[in-house]
Amino acid sequence: MHGNRALLWVAVGVLCCAPATAQSPFAANVSGPLSQRVVAYQIDAKYDPAKHTVDATETLTYHNLTGQPLDRFPFHLYLNAFQPKSTWVREAHRDGYFRTSDLEEWDPLKDNGSNEITSLEVAGMGDLTKQMKFISPDDGNADDKTVFEVKLPLAVQPGQDVQFKIKFRATFPEVIARTGYKRTFLLAGQWFPKVGVWWHDQWNCHQFHAMTEFFADFGTYDVKITLPKNYVIGATGVQVSDTDNGNGTKTVAFHAEDVHDFAWTADPNFKVVEGQFDGSVGTVKIRLLTYGSHKSSWQRYLDVTKRAMEKFDQWYGPYPYAQLTIVDPPHGAGEAGGMEYPTFITGDTSWHLLRGDLDEPENVTVHEFGHQYWYGMVATNEFENAWLDEGINSYSEVKVMDRLFGRNTSSLNVLGIQMGDGEGLRAFYLGHSDLDPLARASYTDMSMGSYGAVSYGKAATMLATLETIVGEQAMRNALHTYFLRYRFTHPTQEDFMRTVNEVTGQDLKWYWDQAVYGTQVLDYEVLRASSSRVDWYEEDATDKKDATTYETQVILHRKGDFVFPVEAEVKFDNGESIRQRWDGKDRWVRYIYQKKAKVVSVEIDPDHKVTMDGDYLNNSRTTDRQKGATGKIAAYWMFLTQFLAQMLSWLV
């Protein structure tokens, strides 16, 4: 689908330092406010690349929309997670971080990160720096410094504002967990003091855990960043000015509205590649920050981004912002890849990518763009219900990738080896299928492996399986309604399930109880498929095709605890086939047929839609040995051995 290719233009080069004209943070046909705008951040920051530090002043205006007086405010200091006694490091060392780090060793020169507050003032209340205290509401770890609290001498009344002025220093570790530096590259994520969220009549401000991401209120951001003038910079929102300071530095200002976070990146080696998408509410500028060594991926990034934006616009709703910034991290900065921030995502690629390997950059780009909807606009609590963004987004990713590249080839299609995106997520889930329910607070999952398998794999697979009950269009309508109803708010998992029930017109409690609140595993098998003559007792009985009557017995067995309706296809040697639908409530069911034909095969889920089934191998049974698979494996093996032999001959 390249119908809009003429609209794509590419401008490559290092960003100059000419002043930029101010522009709206929204697409042409959008005007704000789009959210309640609880917070307004103004940050003036100075970046020192040699020290990997940012010194900044933050002015935060908090609008008290809670309906009650507030005299206590908690703040996140996420960069303090990268210290050896923090909760994040303890968990990552214990379980292994599910991206790339195992944290078997600690290098204080590279691994340490920190947020240090040098002063905190509150307008009309004075300097409250000494009133700050670190708290650890989740695990009581006194050495964890990722959350602090300040108590005000006067309560902020409902409907009133309070203004905090905070001076701080952010010290970045070498790139890890969505933030940090690598050589001259910097990804500044979760870098500033961020106030918690008043949610369900209390503060929600969790410590930073290895198994979770983030949660924050919507508002506005005006951020100025001073850095060496040869650096190329990109950030959340839109650039509104670029000032040469005359001393080898420049100050670049950005503005964003109706977002709940602000991230930025800088590197003197960035190349800027630009494109555009014409959406339903106006043109969106696509700005890719990449490297010359990744040139083969530039067009792939732009093409898949535009096609993904088109599908999300058509299926779920409009992307309302004026710009999308994509960061393609450098070699060695893999932990900066595959991450989402509002209007700002990071991809992943390398110089040796094959055209049929769609994991990079296509899959990761579709996934991270999807987070602009499921996280960016529908801002669920990632600490407690990670599946509401990662799982719904992974399901959406599969739908887009399958539409663009084919259901069986949407992840890999190289040298005859094929795999669909959904199959990869299913395999992820099956490795930890019975450990943690989706409804469990994500930061308390058993391990990093279980967290990832449940939040991404199980949730996506669960929604794909649900689609077999309600239908693809009904699921699409449900997600469309959910997006439009809850964008720029903080919905719960109950809000999502209630919306699906409403739109599909079905009471799906039986499904949610198992798939969301439970850990039941779905597994059905064909236990028996056999045919025998009805006159088996006759001594001289002989088989005559199309004349002898046979009794066929088929037994289906529910091996797992997950009760789910399934369909089975029974095929006979006269070409006839019968489909049986079983509610699965009993442990087994028997079907008897009397026909002038023998059973050839029985297959549960013949259309291969029930992806939560934990074992596809027991879903079918044949009465005669099938040699096709053996031949195919033998052919692959012969090809592989000949290929390797040829490669070795080149080395001699």
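The values are calculated or read from the model by the stated rules, or taken from the named source; none is laboratory data. Remember, predicted model here, so these are calculated numbers, not experimental data. We place every Cβ from the backbone using ideal geometry, glycine too, and count neighbours over all the protein chains shown. SASA here: full protein model, heavy atoms, side chains in, ligands and nucleic acids out. Shrake-Rupley method; radii C 1.70, N 1.55, O 1.52, S 1.80 Å.
Nearest 10 degrees, 0 to 90: what angle lies between the long axis of helix 421-430 and the longest principal axis of the chain (Cα atoms)?
Orientation of helix 421-430: about 90 degrees from the principal axis.
Given charges of +1 on the Cβ of Lys and Arg and -1 on the Cβ of Asp and Glu, with all other atoms neutral, how large is the dipole of the chain about its Cα centre, in debye to the nearest 20? Intermediate values should be presented prior to the final figure.
Details: 64 positive and 86 negative charges, 225 e Å.
For this selection, approximately 1080 debye.
In the stretch 187-213, which residues have a backbone nitrogen under 18 Å from the label point lying 7 Å from residue 167's Cα in the Cα-to-Cβ direction?
192-193
Quick one: check the C-alpha center-to-center distance for the stretch 439-492 versus the stretch 177-251, whole angstrom.
One Cα centre to the other: 28 Å.
Helix 493-504 sits at what angle to the longest principal axis of the chain, using alpha carbons and giving 0 to 90 degrees rounded to 10?
Helix 493-504 and the main axis of the chain meet at about 50 degrees.
Just by accessible area at a 1.4 angstrom probe, what is the order of 265, 542 from largest to smallest?
So the residues, ranked largest to smallest area, are 542, 265.
Could you work out the local net charge near residue 254, counting Lys and Arg as +1, Asp and Glu as -1, over the other residues with Cβ closer than 14 Å to its Cβ? List each step's numbers first, then the result.
On the way: positive: 224, 250, 285, 287; negative: 44, 222, 242, 257, 261.
So the surrounding residues net to -1.
With only Lys, Arg, Asp and Glu charged, each at its Cβ (+1 for the first two, -1 for the last two), find how big the charge dipole of the stretch 191-264 is about the Cα centre; round to the nearest 20 debye.
The dipole of the stretch 191-264 has a size of about 380 debye.
Keeping all protein chains in position, work out how much accessible area residue 135 exposes to a 1.4 Å probe, and write it in Å² to the nearest 10.
40
At 10 °C and 1.306 mPa s, what whole-number value in µm²/s does Stokes-Einstein give for the translational diffusion of the chain, with Rh from the Kirkwood sum over Cα pairs? Show your work: numbers first, answer last.
On the way: Rh = 27.2 Å.
Here the translational diffusion coefficient equals 58 µm²/s.
What accessible surface, in Å², does a 1.4 Å probe find on residue 294, ignoring ligands, DNA and RNA and rounding to the nearest 10?
10
Taking the Cα centre of the stretch 74-223 as origin, sum charge times position over the Cβ atoms of Lys and Arg (+1) and Asp and Glu (-1), and report the length of that vector in debye to the nearest 20.
Values: 16 positive and 21 negative charges, 82 e Å.
Dipole size: approximately 400 debye.
Rounded to whole Å and ordered largest first, report the semi-axes of the equivalent ellipsoid of the stretch 379-506 derived from its Cα gyration tensor (root of 5λ).
Working: eigenvalues 113, 81, 29 Å².
Whole-Å semi-axes of the equivalent ellipsoid: 24, 20, 12.
Each label point is 7 Å from the Cα along the Cα-to-Cβ direction; what then is the distance between the points at residue 355 and residue 434, in nm?
4.6
Once amide H atoms are placed 1.01 Å from N in the peptide plane, what residues at a sequence separation of 5 or more from residue 77, or on another chain, have their amide H within under 5 Å of its amide H?
So residue 77 has HN proximity to 147, 148.
Mind ranking 361-374, 504-517 by how tightly packed they are, going by the mean number of other C-beta atoms within 10 angstrom, highest first?
For the peptides 361-374, 504-517, the packing ranking is 361-374, 504-517.
Can you list the aspartates and glutamates whose alpha carbon sits under 15 Å from that of residue 167, skipping same-chain ones fewer than 8 residues off?
Those aspartates and glutamates meeting the cut-off are 44, 55, 58, 116, 121, 127.
Using the alpha-carbon atoms, what tilt in degrees (0 to 90, nearest 10) does helix 392-405 show relative to the longest principal axis of the chain?
70
Work out how far the C-alpha atoms of the stretch 82-200 reach from end to end along every principal axis, then list the three figures in whole Å, largest first.
47, 34, 26
I'd like the distance between the alpha-carbon centres of the stretch 42-96 and the stretch 550-610, rounded to an integer number of Å.
57
Show that you can apply the helix-only estimate: for the chain, add -39,500 (n - 2.57) for every DSSP H stretch of four or more residues, divide by all residues, and state [θ] at 222 nm to the nearest 500.
Calculated mean residue ellipticity at 222 nm is -6500 deg cm²/dmol.
Along each of its three principal axes, how wide is the spread of alpha-carbon positions in the stretch 229-318, in whole angstrom units, largest first?
Dimensions of the stretch 229-318 along the principal axes of its Cα atoms: 49, 35, 20 Å.
Could you tally the net charge around residue 230, taking each other residue with its Cβ under 12 Å from the Cβ of residue 230, Lys/Arg +1 and Asp/Glu -1?
0
Using a 1.4 angstrom probe with every protein chain in place, what is the largest-first accessible-area order of 423, 539?
Correct descending sequence by accessible area is 539, 423.
How large are Rg and Dmax for the stretch 125-251 when calculated on the C-alpha trace, in angstrom?
In Å, with Rg to one decimal and Dmax whole: 17.7, 50.
So between residue 617 and residue 473, what do we pick up on full extension, going 0.36 nm a residue minus the alpha carbon distance? Spell out each step's value before the answer.
Numbers: separation 144, 0.36 × 144 = 51.84 nm, distance 2.94 nm.
That works out to 48.9 nm of additional length.
Would you rank 24, 447, 296 by solvent-accessible area, highest first, keeping every protein chain in place and using a 1.4 Å probe?
Working: 24 60, 447 20, 296 80 Å².
Largest accessible area first, the list is 296, 24, 447.
Which order do the peptides 379-392, 221-234 take when ranked by the mean count of other beta-carbon atoms within 10 Å per residue, highest first?
Order by mean packing, descending: 379-392, 221-234.
Counting only the heavy atoms of the protein chains, how much of residue 132 is accessible to a 1.4 Å probe, in Å² to the nearest 10?
40
So, by mean Cβ neighbours within 10 angstrom, what's the order for 476-487, 152-163 with the highest one leading?
476-487, 152-163
Show log10 I(q)/I(0) for the stretch 325-376 at q = 0.13 Å⁻¹, two decimals, from a solvent-free Debye sum over equal Cα scatterers.
Treating every Cα as an identical point scatterer, log10 I(q)/I(0) equals -0.28.
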